[in-house]
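This report refers to the structure that appears directly beneath it.
A short reminder: the numbers here are calculations on the coordinates, not readings from a lab. Model, not experiment: these values are computed from the prediction. As a convention, Cβ positions derive from the backbone with ideal geometry for all residues, glycine included, and neighbour counts pool all protein chains shown.
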Amino acid sequence: QVQLVESGGGLVQAGGSLRLSCAASGFTARMAIMGWFRQTPGKEREFVAAIKRVAGTTYYLDSVKGRFTISRDNDIATIFLQMNSLKPEDTAVYYCAGRNNRYSDPTVNYDYWGRGTQVTVSS
């Protein structure tokens with residue numbers, strides 16, 4: 001089994017930055033892709049970014065391209081989401097996720113989930 005624990009959320013003013021971390025434990029070698037999703041009340045969970053654990057290939061939601069950067073440190077089984085130029089519409093609970101399948105659409109079908117961390121951007 002795999003456990004994912006997010007940290008780094010908080011309150012920031014529009015235009016500011018935050019860095020989220022997700023530490024993985026357990027059978028982490030199974031995970032081919034790790035990513036970040038977000039959700040606001042009344043809406044479905046939305047893909048934000050993903051990274052292939054070995055190759056480092058990255059994928060982003062169009063609205064965060066150029067502002068958010070996903071990265072990984074395989075030595076400590078952790079991924080990061082650097083969020084710059086934050087906007088009020090980025091406010092959400094951000095979830096870390098992991099997936100065993102490396103071949104299909106990287107925005108869906110994740111096997112493991114963290115509990116989430118709140119990000120609030122004030123205007």
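A simple spin-label model places the labels of ARG45 and VAL5 2.0 nm from each other, with each point 7 Å out along Cα-to-Cβ.
Farthest towards the positive end of the charge dipole of the chain, among the residues GLN39, THR58, PRO88, is the Cα of THR58, using unit charges on the Cβ of Lys, Arg, Asp and Glu. Of all lysines in the structure, those lying under 24 Å Cα to Cα from LYS52, and not within fewer than 8 positions of it along the same chain, are LYS65. Given R0 = 41 Å, the distance between the Cβ atoms of PHE27 and SER85 translates into a calculated FRET efficiency of 0.70.
Distance between the pseudo-spin-label points of TRP113 and ASP62 (7 Å out from Cα toward the beta carbon): 2.6 nm.
The dipole here belongs to the chain: it is taken about the Cα centre, uses +1 on the Cβ of Lys and Arg and -1 on the Cβ of Asp and Glu, and is about 140 debye. With springs only between Cα atoms under 10 Å apart, run a GNM on the chain and tell me which of PRO88, PRO106, PRO41 wobbles the most. Looking only at PRO88, PRO106, PRO41, the biggest GNM fluctuation is shown by PRO41.
Treating the beta-carbon of each Lys and Arg as +1 and of each Asp and Glu as -1, no other charges, what is the dipole magnitude of region 1-62 about its Cα centre, to the nearest 20 debye? The calculation lands at about 160 debye.
One chain, two ends: ASN101 and GLN13. Fully extended at 0.36 nm per residue, the span grows by 28.0 nm beyond their Cα-Cα distance. For the chain, modelled as a GNM whose springs connect Cα atoms under 10 angstrom apart, the maximal fluctuation among VAL12, VAL54, VAL64 occurs at VAL54.
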